[in-house]
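J.: To start, I am sharing the structure in question, which I have written as structure tokens.
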Amino acid sequence: MSRFLAPLVLATIIVGVGFSVSTAAAPASMHFNSLSLDLPFGDRMFDGPDADAINNNCLACHSAGMVLNQPKLPRKVWEAEVEKMRAAYKAPVAEEDVKAIVDYLTRIKGSD
Amino acid sequence: MSTPQAPGWQTPALHLSRRNFVAAMGAAGLLFLPKHAAADEMIDLGLPGGGGERPVTTAFPQKGKMILQRTRPPLLETPFEVFDQGVLTPNDRFFVRWHWANIPTQVDAGSFRLNIRGHVNATLSLSLADLVAMPTFEIVAVNQCSGNSRGLYVPRVPGAQWGNGAMSNARWTGVRLKDVLDRAGVKAGAISVRFSGLDEQVIEEAPHFMKSLSLDHARDGEAMIAYAMNGEQLPLVNGFPLRLIVPGWYSTYWVKMLNDIEVLDGPDDNFWMAKAYVIPDTPFAAVKPGETGYKTVPINRMLPRSFVTNLKSGARVKANAPLTLRGIAFGGDTGINKVDLSSDGGATWSPTQLESDEGKYSFRRWETSISPTPGDHQILVRCTNSNGEVQPMQTYWNPSGFMRNVIESISFSAA
């Protein structure tokens with residue numbers, strides 16, 4: 001192997017160093033604490049005058065970050081995503097809102 | 001879904017039908033007090049083409065610092081430095097992935113029940129105490145999202161834009177799934193076993209999240225129901241109080257908040273088996289961008305992977321001095337045979353030392369020492385599993401961004 005590994009030394013004395021492997025002690029004494037917790041909601045909205053359709057249709061099921069973290073994608077991929085939300089995940093997006101949503105996605109995350 | 005709301009948990013959000021959807025959306029806005037995550041700390045996942053910046057959040061209960069991929073329903077990635085700290089991922093750093101936003105935020109341990117029904121001799125309704133009283137089973141196993149590393153694919157694909165941290169490893173304690181099925185008594189003619197949890201879809205007509213295993217797989221003596229991870233009860237967002245553990249298989253099968261097991265007398269064709277989480281039926285699930293017409297199958301067993309964890313690309317190190325390189329590897333659905341490094345683009349490979357073995361489904365640490373010459377270096381790391389499967393040099397692609405396991409590399413300079 002190569003240029004710099006000539007003095008390759010296999011480490012033999014490092015086993016276990018700084019590496020904690022905890023041992024589980026669960027059964028028999030296992031006690032469960034009931035939980036009552038709050039989860040963050042994520043109330044961010046999409047910006048812009050053309051954002052009404054996406055804000056009104058998409059944020060019931062997921063926060064905006066899911067969309068804002070997407071890469072730039074071709075319009076046909078965005079069309080397929082919106083259609084998947086409607087057909088497979090039953091998002092009640094009115095036909096007349098589909099184009100506005102795809103237009104918005106293509107404007108902020110379009111690659112073509 | 002048809003399961004009635006039983007005592008033992010409360011789901012915060014509303015069920016929305018298409019009819020009352022718009023009105024309820026307004027109400028939902030009033031029901032929730034928005035909580036802002038302190039977003040001072042950002043991390044860059046280095047995704048190809050950019051856009052990999054993410055906040056680091058501590059806003060989720062029972063969780064430490066996590067990379068925020070999505071707030072609702074939560075997608076939380078484990079920061080990569082956690083993998084350098086040990087083979088077991090601490091519960092508060094274990095990655096999180098939910099499909100539907102109606103996640104119970106109150107779960108009562110005393111009244112919670114796990115139901116076993118369908119093609120069985122006796123329907124069961126088991127409490128946590130009932131499960132703890134059964135023979136204990138324990139296994140260390142990696143839980144990895146089907147789409148771990150999706151954000152690294154080129155061309156990019158839609159979906160959760162994970163870096164490499166949609167994976168974690170824990171010691172799971174609970175009962176064998178086989179023992180629970182035997183207690184109910186599986187009837188002749190049973191084919192598959194379907195699992196679902198307390199989480200529910202927001203839109204009532206949407207498909208409830210359910211996953212299935214073949215009966216043989218469910219009874220293999222390794223598939224299990226965990227009530228503890230790393231010796232403690234599960235965090236809420238990791239599936240408290242019960243999670244299905246399917247060693248060697250992708251996380252989509254590891255149903256969280258498991259409360260329903262249904263034995264079926266046929267294969268399961270529900271949406272989450274037949275339409276979602278399907279992969280091209282090709283080696284490495286590979287197809288060409290734009291390709292259509294290929295056969296698909298439900299995603300299943302994992303592939304080997306390995307990573308350097310103690311050095312990041314771009315690091316500057318001392319030349320002609322010993323440099324420790326270490327990382328983690330896992331074999332997929334079997335153990336690790338070896339982890340090798342290459343500094344010449346894969347022409348030649350040198351072995352590393354494998355450290356303590358926590359079982360064939362666990363992360364395993366590898367380590368070695370090198371002495372870099374002055375200049376720029378690239379190191380490749382490659383795992384070969386016990387079945388002889390080797391990570392590929394080539395990056396394979398599919399439109400869902402599933403099953404990435406290409407050989408990873410890091411670049412650094414020595415002076």
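Nothing in this text is a laboratory measurement; each read-out follows from the coordinates by a stated rule. Just so we're clear, the structure is a prediction, and the values are computed from it rather than from any experiment. Neighbour counts are summed over all protein chains in view; Cβ atoms, including those assigned to glycine, are modelled from backbone coordinates with ideal geometry.
J.: Residue by residue, what Karplus-based ³J(HN,Hα) values in Hz, rounded to whole numbers, does segment A:102-110 have, using 6.51, -1.76 and 1.60 with θ = phi - 60° and x for Gly and Pro?
T.: So the Karplus estimates, Gly and Pro as x, are 5, 4, 5, 4, 5, 5, 8, 9, x Hz.
J.: If you bin the C-alpha pair distances of segment A:51-109 every 5 Å from 0, what whole percents do you get?
T.: For segment A:51-109, the binned pair fractions read 4, 20, 33, 31, 11, 0 percent.
J.: Also: Return the Rg/Rh ratio of segment B:345-415 with Cα-based radii and a Kirkwood Rh.
T.: My calculation puts Rg/Rh at 1.01.
J.: Using amide H atoms built in the peptide plane, which far-off residues or other-chain residues are under 5 Å from B:Trp397 H to H?
T.: When sequence neighbours closer than 5 places are left aside, the close amide H contacts are B:Val287.
J.: Any idea what log10 I(q)/I(0) is at q = 0.15 Å⁻¹ for segment B:162-246, Debye with uniform C-alpha scatterers and no solvent?
T.: The computed values of log10 I(q)/I(0) come out as -0.69.
J.: Kirkwood Rh over Cα pairs of segment B:272-392 into Stokes-Einstein at 25 °C, 0.890 mPa s: D in µm²/s?
T.: The diffusion coefficient I find is 149 µm²/s.
J.: I need the phi-derived Karplus couplings for segment B:194-208: 6.51 cos²θ - 1.76 cosθ + 1.60, θ = phi - 60°, integer Hz, Gly and Pro marked x.
T.: 10, 10, 8, x, 6, 5, 9, 5, 6, 8, 4, 6, 6, x, 4
J.: Let me ask another. Could you run the Debye sum over the Cα atoms of segment B:120-204, one equal point scatterer each and no solvent, and tell me log10 of I(q)/I(0) at q = 0.12, 0.17, 0.20, 0.22 Å⁻¹, two decimals?
T.: -0.64, -0.97, -1.06, -1.11
J.: Could you please report the charge total around B:Arg117, scoring K, R as +1 and D, E as -1 over all other residues with beta-carbon less than 13 angstrom from its beta-carbon?
T.: Local charge sum for B:Arg117: +1.
J.: With Kirkwood's inverse mean 1/r over C-alpha pairs for Rh, give me the Rg to Rh ratio of chain B, two decimals please.
T.: Rounded to two decimals, Rg over Rh is 0.98.
J.: Kindly state, to the nearest 0.05, the FRET efficiency for B:Asp265 paired with B:Thr58, given R0 = 60 Å and r defined as their beta-carbon distance.
T.: Approximately 0.80, to the nearest 0.05.
J.: Continuing with the same structure: Short version: ³J(HN,Hα) in whole Hz for each residue of segment A:92-97, in order, from phi by Karplus 6.51 cos²θ - 1.76 cosθ + 1.60 (θ = phi - 60°), x for Gly and Pro, what are they?
T.: My calculation for segment A:92-97 gives x, 8, 5, 3, 6, 8 Hz in order.
J.: Would you compute, from DSSP H runs of 4+ residues alone, the mean residue ellipticity of the protein assembly as shown at 222 nm, taking -39500 (n - 2.57) per run and dividing by the full residue count, rounded to the nearest 500?
T.: Details: 9 runs with 71 residues, N = 527.
Mean residue ellipticity at 222 nm (helix-derived): -3500 deg cm²/dmol.
J.: Report the charge-dipole magnitude of chain B in Debye, nearest 20, computed about the Cα centre from +1 at each Lys and Arg Cβ and -1 at each Asp and Glu Cβ. Mind dumping the intermediate values first?
T.: On the way: 39 positive and 38 negative charges, 89 e Å.
Value, rounded to 20: 420 debye.
J.: Here's a follow-up. At a Förster radius of 30 Å, what calculated FRET efficiency corresponds to the Cβ-Cβ distance of B:Gln85 and A:Lys72, to the nearest 0.05?
T.: It comes to 0.30.
J.: PRE reach from A:Ala87 (point 7 Å along Cα→Cβ): which of segment B:202-221 fall under 16 Å by backbone N?
T.: Once the point is set 7 Å along Cα→Cβ of A:Ala87, B:207 turn out to lie under 16 Å by backbone N, inside segment B:202-221.
J.: Determine the gain in length on full extension of the stretch B:Ser411-B:Lys318; use 0.36 nm per residue of separation and subtract their C-alpha separation, reporting nm with one decimal.
T.: The B:Ser411-B:Lys318 span can extend by a further 32.1 nm.
J.: Where Lys and Arg each count +1 and Asp and Glu each count -1, what net charge lies around B:Asn143 among other residues with Cβ under 11 Å from its Cβ?
T.: Around B:Asn143, the surrounding residues sum to +3.
J.: With Cβ to Cβ distances under 10 Å as the rule, what net charge do the other residues near A:Gly110 carry (K, R +1; D, E -1)?
T.: Charge balance near A:Gly110 sits at +2.
J.: Can you work out D for the protein assembly as shown in µm² s⁻¹ from Stokes-Einstein, where Rh is the Kirkwood radius over C-alpha pairs, the temperature is 10 °C and the viscosity is 1.306 mPa s?
T.: Roughly 66 µm²/s, to the nearest whole number.
J.: Pop the C-beta distance of B:Gln394 and B:Tyr294 into the FRET formula with R0 = 22 Å and round what comes out to the nearest 0.05.
T.: 0.75
J.: Next question, about the same structure. Based on Cβ point charges of +1 for Lys and Arg and -1 for Asp and Glu, what charge dipole magnitude is obtained for the protein assembly as shown about its Cα centre, in debye rounded to the nearest 20?
T.: Dipole size: approximately 500 debye.
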